[in-house]
Amino acid sequence: MAHPPLALAALAAAVLGAAVAGWIRFRRLAAVGAAYKAKVLASLLFVAEREVDVERAPEVSAEAYRPMRLFRARVDRGTKSVAVSLFGFFERRAVWRPDLGAALALRPLPPAPKLPSMPPRGAADRAWPEGEAPAPAASPALARVLAEAFAERPGAKTLRRTRAALVAQGGRLLAERYAPGVSPLAPFCGWSMTKSVLGGALIGVLVDRGILRLDQTRLLEEWDAPGDPRAAISLEDLLRMRSGLAFSEVYSDMGSDVNRMLFAEPDAAGFAASRPLAAPPGTVWKYASGTTNALSLIARRALGDERYYAWPREALFGPLGMSSAVLETDAAGTFVGSSYLHASPRDWMRFGRLFADGGLWGGRRVLSADWLRFVATPTPQSPNGKYGAHWWRKLSRELGGETPAAARLPADAFHALGHEGQCLSAIPSRGLVVLRLGVSVDVSAWDHAAFLAAVLDAVGG
């Protein structure tokens, strides 16, 4: 039998250890929750220019976000900032800057660089892309499909909250529908759809121009020390999500790498690049948001800051007329290519049309045919070839993949997919682009495969 004082000491140590672990977990939860709410609200208020209830907007209060109702937000419209705290503690602040959107002020933010000018928001929508705006009346069949996309399912515990749905074919906008109060010109955050823009297109411009090479290794000086196995990571490995870098993409764990990177680290790209190897480069496919931010850092160092900040507008947004597009940075000034591109629904459609039309825009080649073939080629290490190079080739299970509807979709479809059910699909063989934007806090509330199959039926595809 244990000596009573020793047993009590052991019990006290165990209780103390549990209390310390609980406090650490609570602090992490509070800090990430405050940062998430501050960042999302700052982007909604000052990038999308939407008037929202800062305590009850579904983006920060619905379903899994309900605990964030305990966090209080203070909006300063003079400085265009949002500060959020829990009972006055763990305050986190996000600040808007011209052309760069909102960033968490986890360190003093660098001055906003001067970017190439863009036309006023929505200017190109007067002739998108070749036809009149607003869109002509949809066919009755297509109108029914879009109406159903906004309907909530009877008895469902989770809501779809569709905010916008658009369909274009052959360069003409066939139908568009918006939730009440949603402007066609308001930018929406694409969340992980941003990956397909930065990794699936912008990096392609640098490869086409010979600034980067797919077989290039020793990509970052952090990986180039003698004996560092990360030196063997190639650009293609990063684009195909098979770098081998350890990275936990678990949003329910406040201490996971993805939450630390986006909401606790001032240098998101630097944090992603600091991860050690968990597998030899090129051998294991693992979806990781840190991968795209590492690519963003590689581009920044290859271009130098002046060219880097101009790069998205000069290479993509300008040629496509994406006048609403805002690609946000972290506190270190690196574009958060994993998550933070905001663009209007029609501008997201422009990006989709670039891939539906084989990299051409208005007869001008924006992306080479070689690059299009590269991103469309399934990554062998990805399950069932579902991932290409920063584009999904098959829908995830949560969005209706592996269903009879998914099996009906053309094999050449590209999908850009994001948090809360942001979905952009381009189908070159049908000349079709389909967009759905919403706030499906539980992403499984939105069945994108069924929606695409219904659109194909309605347009005769």
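The numbers here are math on the coordinates, done by the rules we state, and not lab data. No experiment lies behind these values; they were computed from the predicted model shown. Reconstructed Cβ throughout: ideal geometry from the backbone, glycine too, with neighbour counts over all protein chains shown.
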1/(1 + (r/R0)^6) with r = Cβ-Cβ of ARG74 and GLU398, R0 = 41 Å, i.e. FRET efficiency to nearest 0.05, evaluates to 0.75
What's the extension gain from ARG209 to ARG144 if we count 0.36 nm per residue and subtract their Cα-Cα distance? 18.9 nm
Ranked by how many other beta carbons lie within 10 Å on average, peptides 165-172, 189-196, 211-218 from highest: 189-196, 165-172, 211-218
For the stretch 446-453, Karplus-derived ³J(HN,Hα) couplings (6.51, -1.76, 1.60; θ = phi - 60°; whole Hz; x for glycine and proline) come out as 10, 9, 6, 4, 5, 5, 4, 4
For the chain, take the longest principal axis of its alpha carbons; what is the angle in degrees between that and the long axis of helix 289-303, to the nearest 10 within 0 to 90? 70
Below 11 angstrom from the Cβ of LEU341, what's the summed charge of the other residues (Lys, Arg +1; Asp, Glu -1)? -1
Would you kindly calculate the translational diffusion coefficient of the chain, applying Stokes-Einstein with the Kirkwood radius from alpha carbon pairs, for 4 °C and a viscosity of 1.567 mPa s, and quote it in µm² s⁻¹ without decimals? 57
Compute the angle between helix 345-356 and the longest alpha-carbon principal axis of the chain, please, reported from 0 to 90 degrees and rounded to the nearest 10. 70
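Grab the DSSP H runs of the chain that are 4 residues or longer, score each as -39,500 (n - 2.57), total them, divide by all residues and round the 222 nm result to the nearest 500 deg cm²/dmol.
Details: 14 runs with 145 residues, N = 461.
The helix-only estimate for the chain comes to -9500 deg cm²/dmol at 222 nm.
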Using only Cα atoms, find the angle between the long axis of helix 140-150 and the longest principal axis of the chain, and express it within 0 to 90 degrees, rounded to the nearest 10. 10
Values of log10 I(q)/I(0), in the order q = 0.21 Å⁻¹, for the stretch 336-436 under a Debye, Cα-only, solvent-free model: -1.23
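Among 70-77, 431-438, what's the highest-first ranking by average C-beta atoms within 10 angstrom per residue?
Order by mean packing, descending: 431-438, 70-77.
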Which distance in Å, rounded to a whole number, links the C-alpha centroids of the stretch 402-445 and the stretch 135-208? 10
Give LYS39/LYS394; LYS37/LYS80; LYS37/LYS114; LYS37/LYS157; LYS195/LYS386; LYS195/LYS286 a once-over and call out the pairs whose C-alpha atoms are over 19 Å from each other. LYS39/LYS394; LYS37/LYS114; LYS37/LYS157
The stretch 25-104, relative contact order [Cα under 8 Å, separation at least 6], %: 35
What spacing in nm lies between the two simple spin-label points modelled at VAL52 and ASP224, each 7 Å away from Cα in the Cβ direction? 4.1
Once the dipole of the chain is set up with Lys and Arg at +1 and Asp and Glu at -1 on Cβ about the Cα centre, which of PHE71, THR377, ALA272 lies farthest towards its positive end? PHE71
